[in-house]
1. Taking only pairs six or more apart or across chains, which ones have beta-carbon atoms under 8 Å, a first residue in segment 154-167 that is over 16 Å from Y236 (Cα atoms) and loosely packed, with under 15 Cβ neighbours inside 10 Å, and a second residue that is of a type in the set (A, V, I, L, M) and at pLDDT below 95?
2. Which of the residues belonging to segment 153-207 are in a strand (DSSP E or B), of a type in the set (V, I, T) and under 25 Å from H220 (Cα atoms)?
3. How about segment 214-270: which strands (runs of 3 or more DSSP E) wholly inside it have at least 3 residues that are of a type in the set (G, A, S), assigned by TED's automatic domain parsing to the domain that holds V114 and within 18 Å of N142 (Cα to Cα)?
4. Among the residues of segment 45-53, are any more than 40 Å from the chain's Cα centre (by Cα) and either among the small types (G, A, S) or modelled with pLDDT of 95 or more (or both)?
5. How many residues are touching a Ser or Thr at 6+ places or on another chain (Cβ under 9 Å), more than 16 Å from P6 (Cα to Cα) and basic (K, R) when one looks only at segment 99-158?
6. So, of the residues in segment 63-92 that are farther than 30 Å from A261 by Cβ and either in contact with a helix residue (DSSP H, G or I) (Cβ under 8 Å, 6 or more places away or on another chain) or in contact (Cβ under 8 Å) with a residue 40 or more places away in the chain (or both), which turns out to be surrounded by the most Cβ atoms within 10 Å (Cβ to Cβ)?
7. Restricting the search to segment 204-252, which residues are aliphatic (A, V, I, L, M) and without any contact (Cβ under 8 Å) to a residue 24 or more places away in the chain?
Amino acid sequence: MSLNFPLLLVIAVAVCGLLALLDLVFLAPRRRKAIANYQASVTPVDTQVIEKLNKEPMLVEYGKSFFPVLFIVLVLRSFLVEPFQIPSGSMKPTLDVGDFILVNKFSYGIRLPVLDTKIIEVGDPKRGDVMVFRYPSDPTVNYIKRVVGLPGDKIRYTSDKHLYVNDQLVAEQMVGTEPGTLGSAELYKEKLGEVEHMIRKEMSRYRAPPDKEWTVPAGHYFMMGDNRDNSNDSRYWDDPNIPKDELGMVPDKNIVGKAFAVWMSWPEPKSNNLPNFSRVGLIK
């Protein structure tokens with residue numbers, strides 16, 4: 001069972017807020033009245049009795065203490081910045097397993113928490129952005145890929161691993177090699193829109209699937225991992241419950257935000273390895 005943290009956070013804030021309101025409107029006035037009656041009825045006044053009469057119920061005390069902290073966390077996480085950890089190598093070399101990233105939640109519009117309804121238009125994803133989104137076939141799972149296709153774009157990926165956007169070959173330049181899963185991998189510098197970034201191709205997997213084309217429908221985006229031969233992305237998604245013309249696409253309603261920075265890396269937290277900050281920086 002997947003834990004719905006945003007929903008739990010909203011419930012916690014609501015419960016703590018109601019306890020604080022209950023105390024403000026009903027319980028605190030009753031305590032003040034009890035103290036006033038006691039002070040009027042006895043002389044001298046026992047301070048210990050005053051403290052006892054003024055003591056908040058434990059549940060109310062905890063609710064009032066946690067409410068401001070939880071409320072700030074809710075606002076920050078829902079509308080400003082949310083942290084994520086990269087679980088796979090699908091975005092190598094841009095992002096590696098164990099990278100902790102920050103995601104801008106308002107780049108693509110202000111959305112209500114849990115409901116994910118956009119209430120304020122701010123901007124739209126741009127080609128080349130690294131974006132976190134909810135997997136269309138299972139919205140409880142967060143994915144991170146690069147925006148390749150915008151609404152209306154025609155995307156083609158060929159068997160020799162070349163990418164075309166609106167019939168234009170996306171420029172790439174080989175810059176080096178590194179060890180791959182079955183041999184060596186080539187690293188390329190690619191330019192998508194205004195964004196220049198690195199991609200990775202496995203030489204051992206020389207041929208990609210047969211040439212395939214997609215047309216991105218309105219309100220949807222075509223996503224690909226920078227690790228082109230090791231990424232479960234728009235090229236491969238298949239779900240009989242999704243309309244054929246939207247298959248492989250990410251709808252606007254599934255967008256979480258734009259990934260913009262790596263702030264720590266910790267590939268194996270259960271081992272003796274310590275977190276490191278060698279990969280800290282902005283995401284290109």
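The values are calculated or read from the model by the stated rules, or taken from the named source; none is laboratory data. Keep in mind that what you see is a predicted model, and the values were worked out from it rather than measured. Every residue, glycine as well, gets a Cβ built from its backbone with ideal geometry; the counts of neighbours run over all protein chains shown.
1. These pairs meet every condition: D160/A208.
2. Across segment 153-207, the qualifying residues are I155, V165, V195, I199.
3. Working: elements: 220-224, 249-251, 255-265.
Counting at least 3 such residues, we get 255-265.
4. Initial filter on segment 45-53 (more than 40 Å from the chain's Cα centre (by Cα)): 45-53.
Those left that are additionally either among the small types (G, A, S) or modelled with pLDDT of 95 or more (or both): none.
Checking segment 45-53: not a single residue is more than 40 Å from the chain's Cα centre (by Cα) and either among the small types (G, A, S) or modelled with pLDDT of 95 or more (or both).
5. Matching residues across segment 99-158 total 3.
6. Of segment 63-92, the ones farther than 30 Å from A261 by Cβ are 63-65.
Still in the list and also either in contact with a helix residue (DSSP H, G or I) (Cβ under 8 Å, 6 or more places away or on another chain) or in contact (Cβ under 8 Å) with a residue 40 or more places away in the chain (or both): 63-64.
Values: G63: 22, K64: 18.
Per the criteria, the residue is G63.
7. Taking segment 204-252 and keeping what is aliphatic (A, V, I, L, M), we get 208, 216, 218, 223-224, 242, 247, 249-250.
Selection gives L247 alone.
Yes/no matrix, rows are residues, columns are (1) in contact (Cβ under 8 Å) with a residue 24 or more places away in the chain; (2) in contact with a helix residue (DSSP H, G or I) (Cβ under 8 Å, 6 or more places away or on another chain); (3) of a type in the set (A, V, I, L, M):
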residue	(1), (2), (3)
K105	yes, yes, no
G123	no, no, no
D129	yes, no, no
F133	yes, yes, no
N142	yes, no, no
R146	yes, no, no
G183	no, no, no
K189	no, no, no
H197	yes, no, no
